Amino acid sequence: LTPLRAAGLDGAGMTVMFPEQALPPASSLQAYAAKFHLPPFHVTVRTDPSKWGEPVPTSDSYYSEVAGEEALDLEVVHGLAPGAREIVYEWTNTSSFPDLIQAMIADNPGAILSSSFSMVNCEESPGGRDDAIALNAVFAHAAALGRTIFFASGDRGAYACLPDGDPKTEGTLSVDPDVDSPYITGAGGTSGFLASNG
């Protein structure tokens, strides 16, 4: 990052938005910024439980897992672009995910959308194709507006569905429906193999 910093590029004037199911504790974000000598985070949070569902509460046993992933999302962007503004849209209703993405795009002209969320079903799974079609319509509209969208392809990318136990899709290479669109950039899905000597 040194050449970027030397050129004065730190994300100032840019906005990155994230669909997240819970916000990590402010203390963990503060600790990250302090450890790496970065300015404080500038995070705005938006919720609409009636449309997108309640965020995962801190009392929920699932919260620590969700908050850890969310912290990673915010920290990576802050490490790369500490001058950027970050907006978190909290949600949990997966059926409203296309509506959430559409609202994020409409509310924040020019912002970059970054998502590590995975719909955890394959485009070839029952319902997966419908999910892909619904999201693709939103992504196509965003692309026509010149928006930049990054979606995580999942830890295993096209191999995530092998095997998935469904005889209909067994043995089929298939990506998650939220990353199969030509209008976004799918990131990840790298498989690493370790030799016996490490």
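The values are calculated or read from the model by the stated rules, or taken from the named source; none is laboratory data. Owing to the predicted nature of the structure, the values given are computational and were not obtained by experimental measurement. Heads up, the Cβs are rebuilt from the backbone with ideal geometry, glycines too, and the neighbour counts pull from every protein chain shown. Surface accessibility is based on the protein's heavy atoms, side chains included, excluding ligands, DNA and RNA. Shrake-Rupley method; radii C 1.70, N 1.55, O 1.52, S 1.80 Å.
Selection of first residues in the stretch 83-98 that are under 17 Å from E70 (Cβ atoms) and of second residues that are assigned to a loop (DSSP other than H, G, I, E, B) and among the β-branched types (V, I, T), restricted to Cβ pairs under 7 Å at least 6 apart or on distinct chains, gives the following pairs, ordered by first then second residue: T92/V56. Here D155 meets the list (1) surrounded by fewer than 20 Cβ atoms within 10 Å (Cβ to Cβ); (2) modelled with pLDDT of 80 or more; (3) under 30 Å from A31 (Cα atoms) almost entirely, failing just condition (2).
Can you pull out every residue in the stretch 1-50 that is under 19 Å from the mean Cα position of the chain (by Cα) and charged (D, E, K, R)? Within the stretch 1-50, E20, R46, D48 meet the criteria. With respect to G198, is the statement that it is open to solvent by 60 Å² or more (accessible area, probe 1.4 Å), farther than 17 Å from D99 by Cα, assigned to a loop (DSSP other than H, G, I, E, B) and at pLDDT below 70 true? Answer is no for this residue. Picking from residues in the stretch 84-108 that are part of a loop (DSSP other than H, G, I, E, B) and at pLDDT 95 or above, the one that is nearest to D130 (Cα to Cα) is N108.
In the stretch 99-120, the residues that are without any contact (Cβ under 8 Å) to a residue 40 or more places away in the chain form Cβ pairs under 8 Å with partners that are hydrophobic (A, V, I, L, M, F, W, C) and surrounded by fewer than 19 Cβ atoms within 10 Å (Cβ to Cβ), at six or more places apart or across chains, as follows: P109/L145. A count restricted to the stretch 113-157 and to residues that are part of a helix (DSSP H, G or I) and closer than 21 Å to E70 by Cβ stands at 1.
Condition check ((1) modelled with pLDDT of 75 or more; (2) in contact with a Ser or Thr (Cβ under 9 Å, 6 or more places away or on another chain); (3) within 23 Å of T15 (Cα to Cα); (4) polar (S, T, N, Q)) across all residues:
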position	(1), (2), (3), (4)
L113	yes, yes, yes, no
N121	no, no, no, yes
G127	yes, no, no, no
A132	yes, yes, no, no
L135	yes, yes, yes, no
F139	yes, yes, yes, no
F150	yes, yes, yes, no
L162	no, yes, no, no
S174	yes, yes, no, yes
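The residues of the stretch 10-49 that are without any contact (Cβ under 8 Å) to a residue 60 or more places away in the chain, open to solvent by 90 Å² or more (accessible area, probe 1.4 Å) and within 25 Å of I149 (Cβ to Cβ) amount to a single one, H42.
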